[in-house]
Amino acid sequence: MTDRIRLATQQDAPVLARVQRASWHAAFRGLLSDDYLDGLDHETLAKTWEGLLTHFEGARAGTLLVEQTDRVVGYSRFYPTDDEDDDSVQVGMIGSIYTLPEVWGTGVGKALIIAVLGAMSSAGYAEATLWVLEGNTRARSFYERNGWHHDGALVVDRSDVLPIRKLRYRKGLNR
């Protein structure tokens, strides 16, 4: 199967919503409440994606997606960091990287993260960061295998139903 990675457009919003919903259901079951996950609505997610793809893309931000033959199987968003302890000129953040569960372990995620890091380097960032749920050992292991490290930062997000502990991971970029 040949993977093609390209920039997402506003027309991709519905498929990005589909990938997000499916991957969140598989990756976060047991880490987020079932009510929250079961309440993820495709139409609401698609409208959110339409807004993101319209207003928050540009020279230093973007959404890449992975296509396999006839379908989108993953995506990743990056943009200048919004962390107060980092310089948004030097540090870019991966706000999301998700693939459909059926392609986990096939190399799609690795190809996607390599592509997004290349895009971030081309955008002028010296470092990349991302936040990961502390209990998401599968994702943490993936990042660590790919050269990321926990930089010591921890936040407790209380925006949804229950407090969620997130760790910040960091990786230098070759420019």
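In the Gaussian network model of the chain, springs joining C-alpha atoms below 10 Å, which of G118, G74, G152 carries the largest mean-square fluctuation?
In the Gaussian network model the winner is G152.
Suppose only helical runs count, i.e. DSSP H with n ≥ 4. What mean residue ellipticity at 222 nm does that imply for the chain under -39500 (n - 2.57) per run, divided by all residues and rounded to the nearest 500 deg cm²/dmol?
For the chain, the value works out to -10000 deg cm²/dmol.
If you build a Gaussian network model of the chain, linking Cα atoms that sit under 10 Å apart, which residue out of Y98, Y79, Y36 swings the most?
The residue that fluctuates most here is Y36.
Read through the labelled values (i) 22; (ii) 18; (iii) 37 and report the label of the one computed as percent of Cα pairs over 27 Å apart from the structure.
Working out percent of Cα pairs over 27 Å apart from the coordinates points to (i).
Any idea how far apart T54 and E84 come out in nm if each label point goes 7 Å out from Cα toward Cβ?
Using points 7 Å along Cα→Cβ, the separation is 3.2 nm.
Compute a Gaussian network model of the chain, connecting alpha carbons closer than 10 Å, and tell me which residue from V132, V89, V66 fluctuates the most.
Maximum fluctuation in the GNM of the chain, among the listed residues, is at V89.
When the dipole is taken about the Cα centre of the chain, and only Lys, Arg (+1) and Asp, Glu (-1) are charged at their Cβ, what size is it in debye, to the nearest 20?
Roughly 560 debye for the chain.
In whole angstrom, note down how far apart the Cα centers of the stretch 1-64 and the stretch 94-116 are.
Answer, in whole Å: 13.
Using only alpha carbon pairs under 8 Å that are at least six residues apart, calculate the relative contact order of the stretch 1-87 and give it in whole percent.
39 percent
Every number in this text was worked out from the coordinates using simple rules, so none of it is lab data. Keep in mind that this is a model prediction, so the values were computed, not measured. Here Cβ is always computed from backbone atoms with ideal geometry, including for glycine, and neighbour counts include all displayed protein chains.
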